[in-house]
Each structure stands twice: as C-alpha cells, then as structure tokens.
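The values are calculated or read from the model by the stated rules, or taken from the named source; none is laboratory data. Quantities reported herein were computed from a predicted structural model and do not represent experimental measurements. Glycine gets a Cβ as well: all are built from the backbone with ideal geometry, and neighbour counts include every protein chain shown. Note: accessible area is taken over every heavy atom of the protein model, side chains too, but ligands, DNA and RNA are not part of it. Shrake-Rupley method; radii C 1.70, N 1.55, O 1.52, S 1.80 Å.
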Amino acid sequence: MLAGRAEELEVFTDALDAGPGAPGRAMLVTGPRGSGKTVMLNALEDAARQRGWLVISQTARRGVADEIRDTQLPALLGAYADDAIENHVTGANVSLPGIGGGMTRTRTENYPVTPSFRFYLEKLTDALSPGLGVVLSLDELHPGAGQDLERITQAVQHAFREDRQVALVAAGLPLAVDDLLTVPGMTFIRRAERFSMKDVPLPDVRYAIQIPIEQAGRRITPEALEVLAEGYSFLVQLVGYHAWNSNREHDVISLADAHVGVDKAVARLGRLVHEAALKDISDVDRAFVTAMAVDEGPSRISDVATRLGTDGNNANQYRRRLIEAELIEPAGHGLVQFTLPHLRDHLRSRYLPLVDDASEDLPAPPRLSGAGHQRQAIVVPRHERDRPRR
Ligand SMILES: Nc1ncnc2c1ncn2[C@@H]1O[C@H](COP(=O)(O)OP(=O)(O)OP(=O)(O)O)[C@@H](O)[C@H]1O
Ligand SMILES: [Mg+2]
C-alpha cells in the first residue's frame, strides 16, 4: 500500500484523462534516498497501464535516449504499427511483355537515414487508438544523462505541441535534478509539475500500517501504532512487517513488538538508505554531517565549523549544499537538523570514535580535504552514545 501519495496520483491520472498537453502530463518527482520516488513512478506507470497506455520505463543513464530509440520504440512499433511488416515479392519469375521474366531487383540505399527518437515516438502515437498514448518514465535522473534528457524532452515537447498522447514522468535526488535542470534546453522539464517526496502525513502512515494488520486478523495497540508511525516512506512497510513477526502467536501487536519492529527496520535503514545517502555526497559534506551528529538536537553552524576546524563561510557553503540535498534542514537562526530519521545514530555508531575507548576498531571518520585546517577531534562521550534516541 502506498501511503499518502493520493494527490500526486490524482494530478497525473486527471492529466491523462484531460487530454493532450495537460500540465500534469509532465511530472518530476524528487526526494532524498528511500523517500519513495521509485515506488511513486511505479504507481504512475500502473495508473497509465490501467488506462491502456503504453509505458516505456528506463533508468536515466548516459545513452538512454539511443537505447529507447533502438530497442523499446521499435519493439512497440513492431507490435502496434500497421505497417510494421511489409510483404515483398522477391525472386519471382514474372514475365512482362517485352522484358522477359526471371529478374529480381533489389535496391540499396546509399544514404540510409537513422530515424530520430522523435520520429519513432510520433509514429508510435500515430499507431495507437484514439485516447491511448505513451508514457515515458525515467528513474534516477543524473547529470550524466543531460544530453539524453534533452533529446527526450524535446521530442515530448513537440508531441505536446502537436496534441499527441504523450506523458513524461521522471524522478531523481534533489541535487542531481537541480544540476540537470541547469543544462540549456531543459526549459520544458523545468516547467513540469514537481513533487517532493517529503514525509508521509502521520494519519496516512497509521492507516497504512493498521489496515493490513486488521485485514489479516490481528490488532495493534494505539501506543504500538504510535511508535511505528514515523512518517518516513522507507519505514512505513518495514516497521509493520517486523512488528508483525515479533510475536506472531499473539493476537495483539504490543508496544514491545513495536520497539522490536522499529529496531529491525532502523538497522535496515542504515544499511540501505543512510549508507547510500552518505555515498551520494562529497567528503566535506560527509564530514559536516558527522560533526553534526555530536549534538543531541539541532546543531549550531558555528559549533560544527569549530569541530571541523573551518570558517563560517565554508561551513555555510556545506550547509547550503546539504539543505539542497534534503539531508538537513534549517531549525531556527544558525541551526540545522537532520531530515533523514535515525541518521544521527547511524553516523554515531559508524563514524564517531568513542572518547574513552579511542582504540576501538571503528572506521575512520571522514576527513576534510585541503591543508591548513586543524580539525578538532569529533567524539561523543560514551554516556551519550549509550542513551537511546531518535
Ligand atoms: N508512500 C509509501 N508508502 C509506503 N511505503 C513506501 C512509500 N514510499 C516508499 N515506501 C517504501 O520505501 C521503500 C523505498 O522506496 P523507493 O525505493 O521508492 O525510494 P527511492 O526514493 O526511490 O530511493 P532511492 O533514492 O534510493 O532510489 C520502498 O520499497 C517501499 O517499501
Ligand atoms: Mg529509487
């Protein structure tokens, strides 16, 4: 069950029903790791298929425009275009008056033309029954795919202009998408309907956890439900799954089961989401969030700068990048806090050495590159590490 995404789906399906050129037919989905971009695209694709539309779904890496033109578009044209297969008579013995029979002529093009992406897309929309169309779905938008995206969006833009039945949905990390949109020729996609996969509203999360449990014949206490409801997409299904399995023979999912569920889900979150998110950012940005993890709550930029041995200007640059990446958010004047739940704990357990046990075999904390900075040791007192926290 996809929690809290009804509005985005409706904008898209309304646009499919509204006819060619409706603004919701170009949709851009952004959000940090694990926020549900891919499942959102899947839901949009499914909604289009249910309406009889064709879906071309791809990861937006370099070369993707050629790949779609050379494989997916021809395959669909082969299946849907009336002129896909032509029957030629070759080698027949035909006798024409005055010419005689037995001659076969073959013509070879000396200047073969490779049809463009746009040509194939137009042919495909021509071939479909009225009202049906093609959705192009591109996941993991990446600046490396800039030229491809430019070709694809230009073809889609023309299709819109010519009232063809085409829609484009695309998803990516906020920074990657912002970088991509600075490429010239992206005006069309810059004007696309943009949805950020921020938190899922808590009532939707509770509903998405509670309903499947009750439909399967068990119950959950309100306190347990409260512990499970975080509002972070990645956790919605996972916490429910692990809480369910904690004590399968009991009718009721208890608070203790909920805590087991959260712990297991958070471990998974660390491996899959936090590590991926930390890989996406630069060394200095990683050092910045690690320095933030020392604090119990929101971090003061000036403190973080001191811990990193850098000045306020530099610290503010890292701050800006990290806010754009949606990993941190402003929390009052001069303060920032984490947006990804449990990232603080993950950084503490993986990257911060202990004060009273510095020899413990932990991975080295990320370092600031560039000479001239005297970095202070970033350490968490042991008593703080052992305290459970969000
Ligand atoms: N709205 C939602 N309701 C319930 N579960 C969700 C929702 N969104 C995401 N999830 C869960 O979170 C997991 C991660 O979602 P998804 O893979 O779509 O994230 P993503 O934003 O594409 O991440 P990445 O940036 O790493 O590609 C999904 O497998 C799904 O279980
Ligand atoms: Mg994804």
Pairs only if they're at least six apart or on different chains, beta carbon under 7 angstrom, first in the range 62-75 and in the same structural domain as Ala145 (by TED's automatic domain parsing), second buried (at least 20 other Cβ atoms within 10 Å of the Cβ) and of a type in the set (D, E, K, R); list them, first residue then second. Arg62/Asp148; Gly63/Asp148; Val64/Asp148; Ala65/Asp148
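Do the conditions hold for Asp178, that is, is it in a loop (DSSP other than H, G, I, E, B) and either more than 12 Å from ligand 1 (Cβ to nearest atom) or over 30 Å from Tyr241 (Cβ atoms) (or both)?
The answer is no for Asp178.
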Scan of the range 154-180 for residues that are open to solvent by less than 10 Å² (accessible area, probe 1.4 Å) and at pLDDT 95 or above, ordered by number: Ala155, Val156, Ala159, Val166, Ala167, Leu168, Val169, Ala170, Ala171, Gly172
Condition met for Val169 (in contact with a strand residue (DSSP E or B) (Cβ under 8 Å, 6 or more places away or on another chain) and not in a helix (DSSP H, G or I)): yes
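Inspect the range 271-283 for any residue being in a loop (DSSP other than H, G, I, E, B), in contact with a strand residue (DSSP E or B) (Cβ under 8 Å, 6 or more places away or on another chain) and either away from ligand 1 (no atom under 16 Å from the Cβ) or outside the structural domain of Gly36 (by TED's automatic domain parsing) (or both) and give the result as yes or no.
So far as the range 271-283 goes, no, none of its residues is in a loop (DSSP other than H, G, I, E, B), in contact with a strand residue (DSSP E or B) (Cβ under 8 Å, 6 or more places away or on another chain) and either away from ligand 1 (no atom under 16 Å from the Cβ) or outside the structural domain of Gly36 (by TED's automatic domain parsing) (or both).
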From the residues in the range 1-30 that are touching a helix residue (DSSP H, G or I) at 6+ places or on another chain (Cβ under 7 Å) and within 21 Å of Arg206 (Cβ to Cβ), which one is surrounded by the fewest Cβ atoms within 10 Å (Cβ to Cβ)? Met1
The one condition Asp295 fails out of (1) part of a loop (DSSP other than H, G, I, E, B); (2) at pLDDT 95 or above; (3) more than 24 Å from Gly270 (Cα to Cα) is (3)
Contact list, first residue from the range 25-48 and within 19 Å of Asp178 (Cα to Cα) and of a type in the set (D, E, K, R), second anywhere and within 8 Å of ligand 2 (Cβ to nearest atom) and at pLDDT 95 or above, beta-carbon distance below 8 Å, six or more apart or interchain, is Lys37/Asp139; Lys37/Ala171
Yes/no for Leu76 being within 16 Å of ligand 2 (Cβ to nearest atom), surrounded by 10 or more Cβ atoms within 10 Å (Cβ to Cβ) and modelled with pLDDT of 95 or more: no
Subset of the range 138-152, residues touching a helix residue (DSSP H, G or I) at 6+ places or on another chain (Cβ under 7 Å), away from ligand 1 (no atom under 16 Å from the Cβ) and without any contact (Cβ under 8 Å) to a residue 60 or more places away in the chain, comes to Gly146
Conditions (1) touching a Ser or Thr at 6+ places or on another chain (Cβ under 9 Å); (2) at pLDDT 95 or above; (3) buried (at least 16 other Cβ atoms within 10 Å of the Cβ): number failed by Glu223: (3)
Residues that are closer than 23 Å to Leu132 by Cα and not aromatic (Phe, Trp, Tyr), drawn from the range 172-190: Ile189
Verdict on Arg62 being within 13 Å of ligand 2 (Cβ to nearest atom), open to solvent by 60 Å² or more (accessible area, probe 1.4 Å) and assigned to a loop (DSSP other than H, G, I, E, B): no
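Those residues that are assigned to a loop (DSSP other than H, G, I, E, B) and open to solvent by less than 60 Å² (accessible area, probe 1.4 Å), I need them from the range 181-202; list them, please.
At the first step, the residues of the range 181-202 found to be assigned to a loop (DSSP other than H, G, I, E, B) are 182-186, 191-192, 197-201.
Residues satisfying the conditions are Val183, Gly185, Met186, Ala192, Met197, Val200.
Check the range 253-265 and report whether any residue there is over 30 Å from Arg62 (Cα atoms) and either touching a residue at least 60 places away in the same chain (Cβ under 8 Å) or in a loop (DSSP other than H, G, I, E, B) (or both). Reasoning before the result, please.
Filtering the range 253-265 for residues over 30 Å from Arg62 (Cα atoms) gives 253-265.
After this cut, where a residue has to be either touching a residue at least 60 places away in the same chain (Cβ under 8 Å) or in a loop (DSSP other than H, G, I, E, B) (or both) as well, the list is 254.
Yes, the conditions are met somewhere in the range 253-265.
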